[in-house]
Amino acid sequence: MNVQIANVISDSSKLTGMAILDAILSGERDRNQLAALAHPRIQASQEEMAKSLEGNWRPELLFLLRQENVIVGHF
């Protein structure tokens, strides 16, 4: 998907990362809306977050992400 969330969030399994992944899987594609989900303690700016969340939302990659989330039990 070319989303570079790990560049601005050190642990995507925590609150911000999971909130963003859940929003993506729920259909949100606007990078600014996704960046707005960041916890206030994230040091990256909203602009940096938004840049890292610009993605290529290919259906097969979203399917894989959804499958991974089901396996781990997050969604």
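Each value in this text was obtained by applying a stated rule to the coordinates, not by laboratory testing. Values in this document were obtained by computation on a predicted structure and should not be read as measured data. Using ideal geometry, Cβ is built from the backbone for each residue, glycine included, and neighbour counts are taken over all protein chains shown.
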So for R0 = 25 Å, FRET eff. of S45-N69 from the Cβ-Cβ r, to 0.05, ends up at 0.40
The whole-number value in µm²/s of the Stokes-Einstein translational diffusion coefficient for region 15-75, with Rh from the Kirkwood sum over alpha carbon pairs at 10 °C and 1.306 mPa s, is 132 µm²/s
The extension gain from Q33 to Q4, computed as 0.36 nm times the residue separation minus the Cα-Cα distance, is 8.9 nm
